[in-house]
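The values are calculated or read from the model by the stated rules, or taken from the named source; none is laboratory data. What you see is a predicted model; the values in this text were computed from it and never measured. Every residue, glycine as well, gets a Cβ built from its backbone with ideal geometry; the counts of neighbours run over all protein chains shown. With ligands, DNA and RNA removed, areas are computed over all heavy atoms of the protein, side chains included. Shrake-Rupley method; radii C 1.70, N 1.55, O 1.52, S 1.80 Å.
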Amino acid sequence: MFPLPKEDKKVSPYFVFYLMHAAQIGVGILGFERIIAQSAGHSAWIAILTSGASIIGLIWVSYRILNKGNNDIVAIHAEIMGKWIGGFFSFLFLFYYLAYALIVLRSYVEVLQVWVFPEVSHWIFLLIIIFLSYSYVSGGFRVVTGLSYLGILYGLPLLLVKIYPLQYADYGNLLPILNASAADLFKASKEMTLNFLGFETLFMFYPFIKNAPKSEKWAYFGVLYSIFIYLLTALVTFVYFNLEQLKGTIWATLTLWKIVDLIIVERFEYIGISIWFFIILPNICIGLWCASRGMNRLFRVSQRSALRIFCLLLFIISILLTDRQQISVLHDAYSRVGFYIIYFYLPGLLVLQFIIMKVKKG
């Protein structure tokens, strides 16, 4: 009923490292420090470690489900819950993937408007980015994988930029280390959920990995690298800003780019935002690919036709989001839904799968 893809459509297991990391690093990293610091102050960097550790545990849960099902989430839902109930949950997942692409797209366009082109209408940027995303996703999963690989490479030079703020660092900001309560750290860890979301795309591209069970270690490496990037970014921000300054800074990473002093570049933040486009583009493409692939599996429409529908839907919804408050509401709603999916639905699905398979064997 749900055939597996041909071998020439698949990628090697180590590419899961790039796909996993690319799915987790997006626009959120440009301003997540303020959000977690509101809950736990400068001790919020600990929340990155605890949240990241929980994500590693959820990767383990995900691979247990996928290795047993040996297919994507659409086939696993159908096997566990039946055609209609399973199809309903799979349909919800399609829009969850689309929402993932929507969050990244609209947030990046907002950054472009505020920092670079304040007088240009947002629909122009939306049209360009969605057209580029459609072009890449139309090329298939291997093209999307290659884009994820390049996105990580293009982003590496931005790590060197973090040296500049350290010239003005006040390392005393990090002391005392454990001055936040357990409740505050838990709240900050929950706030980090939005930034680590994206690994759920594994449930759709799993069948496109050669010898997929062997890719598990690469998924862990990808998450560990994401944790490292978030931790490094947070620590540099925390030693530069005091808590009051940070609470009033929406995009802390972008603000730090403003102090970069290069002879040939006066406004480095423009360069950084331009480079960041190649980092967020894989996010959007992965989300669109997963949504269109799921539609193809559920309703037997061609993936390209489904992709056109979702691109149009993405454009219309993005156009309707006209101010920061609406975008923030969307962020919060997506974060809450994602939190319950990864921490409650996925473990519940593993237990249900175990029970169903035991019953079938019996």
Original post:
Among TYR97, TYR108, which is modelled with pLDDT of 95 or more, on the phi < 0 side of the Ramachandran plot and not β-branched (Val, Ile, Thr)?
Top reply: TYR97
Original post:
Within the set of pairs 6 or more residues apart or between chains, which connect a residue that is over 17 Å from GLU33 (Cβ atoms) inside the stretch 244-271 to a residue that is loosely packed, with under 13 Cβ neighbours inside 10 Å and among the hydrophobic types (A, V, I, L, M, F, W, C) with Cβ atoms less than 7 Å apart?
Top reply: PHE268/LEU262; ILE271/VAL265
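Where residues in the stretch 324-360 are of a type in the set (Gly, Ala, Ser) and under 30 Å from ILE80 (Cβ atoms), which of them is surrounded by the fewest Cβ atoms within 10 Å (Cβ to Cβ)?
Applying the filter and picking the extreme gives GLY348.
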Original post:
Given the residues SER54, SER39, which is the only one that is assigned to a helix (DSSP H, G or I) and closer than 20 Å to THR201 by Cβ?
Top reply: SER54
Original post:
Going by the conditions given, is SER189 part of a helix (DSSP H, G or I), at pLDDT 95 or above and open to solvent by 10 Å² or more (accessible area, probe 1.4 Å)?
Top reply: no
Original post:
Taking the condition open to solvent by less than 10 Å² (accessible area, probe 1.4 Å), under 20 Å from THR193 (Cα atoms) and aliphatic (A, V, I, L, M), does ILE273 pass?
Top reply: no
Original post:
In the stretch 51-89, which residue that is polar (S, T, N, Q) and under 23 Å from the mean Cα position of the chain (by Cα) is most open to solvent (accessible area, probe 1.4 Å)?
Top reply: ASN67
Subject >> All positions within the stretch 90-124 that are open to solvent by 10 Å² or more (accessible area, probe 1.4 Å) and polar (S, T, N, Q) >> reply: GLN113, SER121
Original post:
Any idea which of LEU321, LEU312, LEU288 is buried (at least 18 other Cβ atoms within 10 Å of the Cβ) and either over 23 Å from LEU202 (Cβ atoms) or not aliphatic (A, V, I, L, M) (or both)?
Top reply: LEU321
**OP:** Go through the stretch 207-268 and tell me which helices (runs of 4 or more DSSP H), entirely inside it, have 2 or more residues that are modelled with pLDDT of 95 or more.
**Re:** 216-240
Original post:
Which condition breaks for ALA169 when tested against (1) surrounded by 17 or more Cβ atoms within 10 Å (Cβ to Cβ); (2) under 30 Å from ILE271 (Cα atoms)?
Top reply: (1)
Subject >> Those residues of the stretch 214-252 which are more than 20 Å from PHE196 (Cβ to Cβ), touching a Phe, Trp or Tyr at 6+ places or on another chain (Cβ under 7 Å) and not β-branched (Val, Ile, Thr), in sequence order >> reply: TYR240
Original post:
So which of ALA22, ALA47, ALA99, ALA37 is touching a Phe, Trp or Tyr at 6+ places or on another chain (Cβ under 7 Å) and within 28 Å of GLY272 (Cα to Cα)?
Top reply: ALA99
